[in-house]
Amino acid sequence: MFGRSSRKKAIRHDEITAFLGAGTQYNGQFDFQGTVRIDGGVNGDITSDGTLVLGEEGSVDGRIRVGTLISNGRITGDVEASIRVTFNKTARMEGNICAPSIVIEEGAVINGMMSMEYEPRTPIPQQTGDAGQ
């Protein structure tokens, strides 16, 4: 009635599904799906195959394992991303980074080691000796 549907809307890939506001502190393991923005603080590990956006006032003390990380805040701990890590100019990072794509804007401060590993999501077909025959 009135044009409303009882079906749940599909979550858009770029839609923020959760938000931890400034002044909020979370302690413990933080797991999520979709895209999460943190403007508060997290003490603990963060795990997801989605996107984590860390605001300028955001901070994480712990290990981060996500699909994509976009950081404007402070991270103390190691970061692993399966797609990309982006450090914007206000980002501060103390720890090691492992991702196939790492973007660092001028002004960002990174203290740690970086490793860029790439594994294709779909196997590349192997050429055989009889190709083209």
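The values are calculated or read from the model by the stated rules, or taken from the named source; none is laboratory data. What you see is a predicted model, and the numbers here were worked out from it, not measured in a lab. Glycine gets a Cβ as well: all are built from the backbone with ideal geometry, and neighbour counts include every protein chain shown.
Just a few scattered comments:
- Failed criterion for PHE19 (all others in (1) in a loop (DSSP other than H, G, I, E, B); (2) modelled with pLDDT under 95 hold): (1)
- Of the residues examined, GLY67 is not one that is over 24 Å from GLU105 (Cα atoms) and either free of Cβ contacts under 8 Å to residues at least 12 places away in the same chain or under 11 Å from the mean Cα position of the chain (by Cα) (or both).
- Only one entry in ILE83, ILE110 is part of a strand (DSSP E or B) and more than 21 Å from SER48 (Cβ to Cβ), namely ILE110.
To keep it simple, each residue is scored yes or no on (1) of a type outside the set (Asp, Glu); (2) modelled with pLDDT under 95.
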{"site": "GLY23", "(1), (2)": "yes, yes"}
{"site": "GLY41", "(1), (2)": "yes, no"}
{"site": "THR47", "(1), (2)": "yes, no"}
{"site": "THR51", "(1), (2)": "yes, no"}
{"site": "GLU56", "(1), (2)": "no, no"}
{"site": "GLY67", "(1), (2)": "yes, no"}
{"site": "ASP78", "(1), (2)": "no, no"}
{"site": "ALA81", "(1), (2)": "yes, no"}
{"site": "ASN88", "(1), (2)": "yes, no"}
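- Just so you know, in region 25-43 the residues that are under 16 Å from the mean Cα position of the chain (by Cα) and surrounded by fewer than 15 Cβ atoms within 10 Å (Cβ to Cβ) include one that is farthest from GLY77 (Cα to Cα), and it is GLN33.
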